[in-house]
């Protein structure tokens, strides 16, 4: 953890991701933009994702900027924390259009946006915005849930449909899924014959029985990638603060192995970390999420590891 000679000194850290100062030249000069989107409207079980982005940023101020795995300091990279996006409550479709429009203004080649959710519905508009700049985009999803319903509870713009909307824009590879409806499974099977390799889902039970299945799926990932991580992909033992904590999730090392493998094969041009619902009296979930965001940045921008 970070240690200060004077405990009060911690209060002097900027209220930004990793407590970093605004980069010289301001947000326009940033290589990484951390973008809080505290949107929550279509959650269907445990609520609280609207508090996720701020909790991640608060926890990140106690994460070391130095990464021992890559022998690299994130503070050497211009990282900006952008203002949050105010929600349009009860208007899912309008909110998605707003996120897409704002993202289009921020995205540019060489800059990575990492959106902090908020519920998973925000992924679809972010992918649509990225696909305009990166037509060859592939989306890698780490998630406990398939999120492939055409519509759920009266909307096709909610968290349960976000990957169905994404699949309309770009090829997808889902990893760690361990909860899927019959409707989603039927649609997935129809895609296997209609558009092979367009929508791939690697289930958790397949990963347990066939260790190389993820590596095989990632062989088709190249070019530019958008990475979406629903924090419920983790086992609830290390990530209790999510809306639907499905048992049998991935480990910390397992998730990092996937992110690192993606970064080796492709360029991560955008990402989101979503569905944190903080647990009162505990900081485990938000600290893990903050550390995960720092690792995404590291794998994308740090020099190759020394042999």
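No value in this document is a laboratory result; all are computed from the given coordinates. Just so you know, these numbers come straight off a predicted model, no measurement behind them. Methodologically, a virtual Cβ is constructed for each residue, glycine included, from the backbone with ideal geometry; neighbour enumeration extends over all protein chains shown.
Using only DSSP helix segments of four residues or longer, with each worth -39500 (n - 2.57), what per-residue ellipticity at 222 nm results for the chain after dividing by its residue count and rounding to 500?
Working: 9 runs with 98 residues, N = 307.
Estimated from H runs of four or more residues: -9500 deg cm²/dmol.
Starting from the Cα of residue 182, step 7 Å along the direction of its Cβ; do the same at residue 97; then give the gap between the two resulting points in nm.
That separation, rounded to one decimal, is 3.6 nm.
Sorting 246, 119 on the 10 Å Cβ count, fewest up front, what's the list? Show your work: numbers first, answer last.
Working: 246 19, 119 28.
Ascending number of Cβ neighbours within 10 Å: 246, 119.
Across all directions of projection, what mean area in square nanometres is found for the Cα convex hull of the stretch 1-155? Walk me through the numbers on the way to the answer.
Working: hull surface 45.6 nm².
Seen from a random direction, the Cα hull of the stretch 1-155 projects 11.4 nm² on average.
Nearest-5 percent of antiparallel DSSP beta bridges in the chain? Show your work: numbers first, answer last.
Numbers: 4 of 40 bridges.
Beta bridges within the chain, antiparallel portion: roughly 10 percent.
How would you rank 113, 99, going from fewest to most other Cβ atoms within 10 Å of each one's own Cβ?
Details: 113 22, 99 25.
Listed from fewest to most nearby Cβ atoms, that is 113, 99.
For the chain, set up a GNM with springs between Cα atoms under 10 Å and report which of 137, 82, 211 has the largest fluctuation.
Maximum among the listed residues: 211.
Arrange 60, 280, 251 by Cβ neighbour counts within 10 Å, fewest through most, would you?
Working: 60 25, 280 6, 251 12.
By the 10 Å Cβ count, ascending: 280, 251, 60.
If the convex hull of the alpha-carbon atoms of the stretch 222-267 is projected onto planes in all directions, what is the mean projected area in square nanometres?
Working: hull surface 13.4 nm².
Hull-based average projected area comes out at 3.4 nm².
Please work out how much length the chain gains when fully extended from residue 150 to residue 46, using 0.36 nm per residue of separation minus the C-alpha to C-alpha distance, in nm with one decimal.
Numbers: separation 104, 0.36 × 104 = 37.44 nm, distance 2.19 nm.
My answer for the length gained is 35.3 nm.
Regarding the stretch 195-307, what's the average projected area of the Cα-atom convex hull, expressed in nm²? The partial results should precede the final answer.
Details: hull surface 33.0 nm².
One quarter of the hull surface, i.e. the mean projection, equals 8.2 nm².
So what is Rg over Rh here for the stretch 77-194, counting just Cα atoms and using Kirkwood for Rh? Mind showing how you got there, number by number?
Details: Rg = 14.8 Å, Rh = 15.2 Å.
Here Rg/Rh amounts to 0.97.
Would you please give the FRET efficiency between residue 209 and residue 304, computed as 1/(1 + (r/R0)^6) with r the Cβ-Cβ distance and R0 = 30 Å, to the nearest 0.05? Intermediate values should be presented prior to the final figure.
Details: r = 32 Å, r/R0 = 1.08.
Rounded to the nearest 0.05, the efficiency is 0.40.
Mind ranking 230-236, 24-30, 155-161, 262-268 by how tightly packed they are, going by the mean number of other C-beta atoms within 10 angstrom, highest first? Before the final figure, lay out the partial values.
Working: 230-236: 25.6, 24-30: 12.4, 155-161: 23.3, 262-268: 17.9.
Those peptides, ordered most packed to least, come out 230-236, 155-161, 262-268, 24-30.
What distance in nm separates the two pseudo spin-label positions at residue 264 and residue 189, each 7 Å out from Cα along the beta-carbon direction?
3.6
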